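Chemist: Mind looking over this structure? Questions follow.
Values in this text are rule-based calculations from the coordinates and carry no lab data. Note that the coordinates shown come from a computational prediction; the quantities given were computed from them, not determined experimentally. Neighbour counts run over all protein chains shown; Cβ positions are idealised from the backbone, glycine included.
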Amino acid sequence: MPLIPPVTGQTPATSFERLLHIMNDLRENCPWDKKQTLESLRHLTIEETYELSDAILSDDMDEIRKEIGDIMLHLVFYARIASETGAFGITEVLNGICDKLINRHPHIYSDTDANNEEEVKRNWEKIKLQEGNRSVLGGVPASLPALVKASRIQEKARGIGFDWENKAQVWQKVEEEMQEFRDEFNAEDDTIIDHDRAESEFGDLMFSLINYARFININPEDALEKTNRKFIKRFQYMEQRAHENGQKLQDMTLAEMDVHWNEAKKL
C-alpha cells in the first residue's frame, strides 16, 4: 500500500508535489483512476468548470477554493495520462505556459511598450498571428456556448482595431436590428412571416446587444445567469407560497400567481 504523502510544507511547490505523488498513486492503484482516459475525463472537466463558475457567481470563497482544487486535479490527471504514452508530462505543460506568457508579454519581458489594456490585447493578437495562427478568430473554440462565443469573437476583433468608435453607434445598431426582427412578424397578430429570416434577425439582435454590453462593461453571460437565478428563486418562492395555501400553480390563475410573484420581487 502506498504511503500517504505527508504535508511537508506550506509552499506552492511542496503542495503541488504532494498532489503529483497522490495522482501517481491513484493512477497505479485505484481501479477507477486506472481506467480513465483523456476522453472519459473531458465531460467531467466541463462539469467541474461550470461548478467553479457557479461558485464565483455565488461569491462563495470556500467553494471557489474547492472547485479550483478539483480542476487542478483534472489538469494533473491529463498530464499523467499523456506521460504514459510519452506525449508530454507536467513539466512540459508548465514550461510551455511559462514560455508562452513570456513571449506574449514583451512589455514586461522585453522592450515593447504597452501603456494600457487595449495595447496589451493588440500586442497579444499580433504575436499569436506571428506564432502561426491563421486567423485572429481561430483561437475561439467551436464548442463554446453561443453567448460566450459571441463575446470572445467581438473581443478578438476589437483586439486588432475592428470595432465601433463609441457606444452610441452600437446602440443605433441594436435599434436597427430590433426593427429588422420586428419586420419579420405580421403586425396584426405577431405571427412569423418567414421563420428562417426571423431566426437570423433574432441572432443579429442578440449579437448587437452583446456588443453593446461589452461597451458598457457588462458580461452578458454573467448577466443572463444572474437573471436565471433570480427567476428560479422567485418562481420557487411562488411554488412555496402556493403549497402553504394548499394550492398547485397549475390550478391557479395568472392573477393569483402574480400576487406571489410580486411578493417574491419585494423580498
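Chemist: Near Glu17, within a Cβ-to-Cβ distance under 15 Å, what is the net charge of the other residues, with Lys and Arg +1 and Asp and Glu -1?
Modeler: Values: positive: Arg18, Arg80; negative: Asp25.
Summing Lys and Arg as +1 and Asp and Glu as -1 gives +1.
Chemist: Under a straight-distance cross-link criterion of Cα-Cα below 18 Å, which aspartates and glutamates are reachable from Lys126, leaving out those fewer than 8 residues away in the same chain?
Modeler: Leaving aside aspartates and glutamates fewer than 8 places away in the same chain, those within reach of Lys126 are Asp99, Asp111, Asp113, Glu117, Glu118, Glu155, Asp163.
Chemist: Something else now. Could you calculate the contour length gain from Asp54 to Asp251, that is, 0.36 nm times the residue separation minus the distance between their Cα atoms, to one decimal place in nm?
Modeler: This chain segment gains 67.6 nm when fully extended.
Chemist: List the aspartates and glutamates whose alpha-carbon lies under 16 Å from that of Lys265, not counting same-chain residues fewer than 8 positions away?
Modeler: Cross-link targets: Glu239, Glu256.
Chemist: A further question follows. Using the C-alpha gyration tensor of the stretch 156-258, what are the square roots of 5 times its eigenvalues, in whole angstrom, with the largest one first?
Modeler: Each semi-axis is √(5λ); the values are 36, 22, 10 Å.
Chemist: Now for a different question. By how many degrees, 0 to 90 and rounded to 10, does the Cα axis of helix 254-266 deviate from the longest principal axis of the chain?
Modeler: Approximately 50 degrees, to the nearest 10.
Chemist: Expected output is a single nm value to one decimal: the length gained when fully extending between Glu188 and Leu38, i.e. 0.36 nm times separation in residues minus the C-alpha distance. What is it?
Modeler: Working: separation 150, 0.36 × 150 = 54.00 nm, distance 5.51 nm.
Extra length from Glu188 to Leu38 when fully extended: 48.5 nm.
Chemist: With a cut-off of 8 Å between alpha carbons and a minimum separation of six or more residues, what is the relative contact order of the stretch 40-148 in percent?
Modeler: 12 percent
Chemist: A further question follows. Students often check this: by mean Cβ neighbours within 10 Å, which of 174-184, 249-259 ranks highest, and how do the rest follow? Write down the numbers at each step before the final one.
Modeler: Values: 174-184: 15.2, 249-259: 11.3.
Most protected by this proxy first, the peptides run 174-184, 249-259.
Chemist: Ordered by residue, what ³J(HN,Hα) values in Hz, to whole numbers, does the stretch 193-198 give under the Karplus form 6.51 cos²θ - 1.76 cosθ + 1.60, where θ = phi - 60° and Gly and Pro are x?
Modeler: 6, 9, 4, 4, 5, 5
Chemist: Please tell me the relative contact order of the chain in percent, rounded to the nearest whole number, where contacts are Cα pairs under 8 Å and at least six residues apart.
Modeler: 9 percent
Chemist: Could you give the length gained by full extension between His195 and Glu117, i.e. 0.36 nm per residue of separation minus their alpha carbon distance, to one decimal place?
Modeler: My answer for the length gained is 23.9 nm.
Chemist: Direction-averaged shadow area of the convex hull around the Cα atoms of the chain, nm²?
Modeler: 23.7 nm²
Chemist: Right, next: Would the stretch 77-130 count as rounded, prolate or oblate if I go by the C-alpha gyration tensor, calling it rounded below 1.5 in a/c and otherwise prolate when a/b exceeds b/c, oblate otherwise?
Modeler: Since a/c reaches 1.5 and a/b is larger than b/c, the shape of the stretch 77-130 is classed as prolate.
Chemist: Hey, another quick one. Between their Cα atoms, which of Lys128/Lys167; Lys226/Lys248; Lys156/Lys233 are more than 32 Å away from each other?
Modeler: Lys156/Lys233
Chemist: Evaluate the distance, in nm, between pseudo-label points positioned 7 Å from the Cα of Leu267 and of Lys233 along their respective Cα→Cβ axes.
Modeler: 1.1 nm
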